[in-house]
Structures are given as structure tokens and as C-alpha cells.
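The values are calculated or read from the model by the stated rules, or taken from the named source; none is laboratory data. Quantities reported herein were computed from a predicted structural model and do not represent experimental measurements. Every residue, glycine among them, receives a Cβ derived from its backbone with ideal geometry; neighbour counts consider all protein chains shown. All accessible areas refer to the heavy atoms of the entire protein, side chains included, with ligands and DNA or RNA removed. Shrake-Rupley method; radii C 1.70, N 1.55, O 1.52, S 1.80 Å.
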Amino acid sequence: MRLIVTGCSGFIGFHCCNSLLNQGHEVIGIDNISNYYSTKLKNDRLTILNQFESFNFFKHDLKKTLQLELKREVDVFIHLAAQPGVRLPLTEYYRYDLSNILGFSNILNFISNFEIKNLIFASSSSVYGGNTNPVFSETDSLDPKSYYALTKLHNENTAKIFSLERNMNIVGLRFFTVYGPFGRPDMAYFSFLESLYKNEDINLFNNGLMFRDMTYITDIIDGIMRTIEFMRSNDNIFEIFNLGNDTPIQTIELLNKLENLSGSKAKIINLDSSGEVKHTHADLSKSRKLLGYDPKVDLNQGLYEFHEWYKSYFVK
């Protein structure tokens, strides 16, 4: 297959490209290598991808019209690029607008112009927001609690209309707290471990009593690969799938596990955050039934693998 992956130097995008390339597919990777977090980490990911002859990198900011000439047909477009995070200050909300709203619109226009029939895009568990159900199903009502979540819900609604108008396959994937090697430094599990190794204070929101459905990166990539196969065997579909682990953990317990792995004691500063949802828990019934998705990596194994990578990359 020939695929385009946006956000290829990002966490999920890198692992997605790496998996596709190892399977022998051709990948065009697109990224602007933003400085939202370490550009060294992003460039190190790209260095690994550039070792494949079947990988071609195109540096581009999605707030601009995508000027990419395609000489051959593209089978699947995987859109993973976005402005992530829920804690940007109000003065920087424009970053969400440029990347997540305008950028998504530019992607849809590009796909339309080149008549690409299959689109997979990243949504987020954050669209559930204040949902009070114990487990989040794709059919639940949505109550976003952050501007980031609103932009992701906007993407879902826009994609649904676009799919109906253009008779094309579009699938949105609601990712639930993805973690693992080469992860995002702004995520709690990553910043916790970094602070433990540096003996720095750790900001723990809402007393660490929030629950998160932590999903290891290889399970997420398996879900993406299964989505590709699902799309290629169906016509004119629009679907939303949860990709999670179905085993939430409190953030204070997550911190305790990282303390045990690092052998360090956390210096905790408790803070309140009204923008944080109290819990996330993925109902995987639909993903299991239609995709055959079945997460394999439990949290203890996943955190061990992440810790081993962290030591090799940062501690050495």
C-alpha cells in the first residue's frame, strides 16, 4: 500500500509509520516539527524513519494549503497531526484553531482534490468530557470540557458531513491516554518519571484521584492497522471507534508505580484543575466486534517498557 501519515514525527505518528514501513508499505510522512515539545525527540524519531527507502518526508505546516504532488494513487490517508494538550493558556488557543480546525479543513480539501477514498483521523477520549457514565461508549452524549476537546468534536462532525457528501470511507479513532517509548514529554506519565529522575517537584492535579484508561502504544498501532483493513473491505462508511485499554488507573497509583520503577520518592505539589475530566474508561465493544481490536499490554508491562526506554534515551 501507499499511505500518507500526518504528524509523522509525533508520538503516535512515528510508531504508525514505523509499523507500516516494517510491513513493506510506502509512506509519505508530513510534519511541521513544531516546538510544542522537544524538537530533538521529534528529529530522533524522523532519523529512524529516514532509514527506510520507502519513507519520504515532507515538512509542512497544515495551517497552509497542502502543496504535495502525487504521481501515484494513495490508498489511505492517516491524519494524526494536531495541536495536543488541554492546558494551553487562553492567549494561545489560536494554536488549536490553526492546527485542529483549519489544518483539518485543508486535509479534507487535499483528499477531495486527489480523490483519496480512505481517511483515518485521530479524535480523542476528551470529547466525552463530563460524561457521567462509568464506561464511555461511542453512542454516548458528548460534553467536552476543554477547547482542545471541542476542536476534536468539530473534526468528527465535519468528517461525517464530508463522508456523506463525497461517498468516501472515513473513520475517527478516539484514543485513550496513549503511552510508551518515544512518548510525549507533556503527558503525565512521562513528566512524572522525568521529575522523579531529576528530583523535581511533581504537580499532581486534583489529588491524583482522576482515573485514566492508559493504552500502550503497540495496542493503539494494532487498532490503526485493523482500521485500515476494515476500511479497505467496506465502502462509503463513516465510523467512530474507541481505542483504549478498558482498565483505568488513578493518577496517584500511576505515580506510585513510577516511583517503584525509578526507585525515587515523589515530591508532590497538589493542584486543582477544573479542565480535567474525572475519569476515562473506554467501552471497546464496538472496536472488538468490527475491528477485532483486543489490547494485549497491561499497565505494569507497558510502564516497564517505557521506563527501560527512558533510561536508555535520557539516563544512559
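Screening ASN199 on (1) out of contact with any helix residue (DSSP H, G or I) (no Cβ under 9 Å at 6 or more places or on another chain); (2) open to solvent by less than 20 Å² (accessible area, probe 1.4 Å); (3) under 23 Å from PHE314 (Cβ atoms) shows it passes everything except condition (2). Scanning the stretch 246-293 for residues that are out of contact with any Phe, Trp or Tyr (no Cβ under 8 Å at 6 or more places or on another chain), within 20 Å of PRO134 (Cα to Cα) and in a loop (DSSP other than H, G, I, E, B) gives ASP246, THR247, SER274, GLY275. Looking across the stretch 289-316, the residues that are open to solvent by 80 Å² or more (accessible area, probe 1.4 Å) and more than 19 Å from the chain's Cα centre (by Cα) come down to LYS289, ASN300, GLN301, TYR304, PHE314, LYS316. Just one of the listed residues (PHE176, PHE205) is modelled with pLDDT under 95, open to solvent by less than 50 Å² (accessible area, probe 1.4 Å) and of a type in the set (A, V, I, L, M, F, W, C), and it is PHE205.
Residues that are touching a Gly at 6+ places or on another chain (Cβ under 6 Å) and over 19 Å from SER125 (Cβ atoms): does the stretch 235-254 have at least one? Looking through the stretch 235-254, at least one residue is touching a Gly at 6+ places or on another chain (Cβ under 6 Å) and over 19 Å from SER125 (Cβ atoms). Of the numbered criteria (1) out of contact with any helix residue (DSSP H, G or I) (no Cβ under 9 Å at 6 or more places or on another chain); (2) open to solvent by 50 Å² or more (accessible area, probe 1.4 Å), the one HIS279 fails is (2). The criterion of being over 22 Å from SER19 (Cα atoms), loosely packed, with under 14 Cβ neighbours inside 10 Å and in contact with a helix residue (DSSP H, G or I) (Cβ under 6 Å, 6 or more places away or on another chain) does not hold for ASN234. All told, PHE162 falls short of being touching a helix residue (DSSP H, G or I) at 6+ places or on another chain (Cβ under 9 Å), assigned to a loop (DSSP other than H, G, I, E, B), more than 20 Å from THR251 (Cβ to Cβ) and open to solvent by 10 Å² or more (accessible area, probe 1.4 Å). Filtering ARG226, ARG184 for residues that are in a loop (DSSP other than H, G, I, E, B), touching a residue at least 60 places away in the same chain (Cβ under 8 Å) and open to solvent by 40 Å² or more (accessible area, probe 1.4 Å) leaves a single hit, ARG184.
The number of residues in the stretch 1-33 being surrounded by 20 or more Cβ atoms within 10 Å (Cβ to Cβ) and on the phi > 0 side of the Ramachandran plot comes to 1. For the stretch 275-316, the set of residues classified as over 26 Å from LEU261 (Cα atoms) and without any contact (Cβ under 8 Å) to a residue 40 or more places away in the chain consists of ARG288, LYS289, ASP294, listed by residue number. Among the residues of the stretch 1-22, those that are more than 17 Å from the chain's Cα centre (by Cα) and either farther than 20 Å from ASN118 by Cβ or without any contact (Cβ under 8 Å) to a residue 40 or more places away in the chain (or both) comprise LEU21, ASN22. Each residue in the stretch 9-51 was checked for being assigned to a loop (DSSP other than H, G, I, E, B) and among the hydrophobic types (A, V, I, L, M, F, W, C), and 1 pass.
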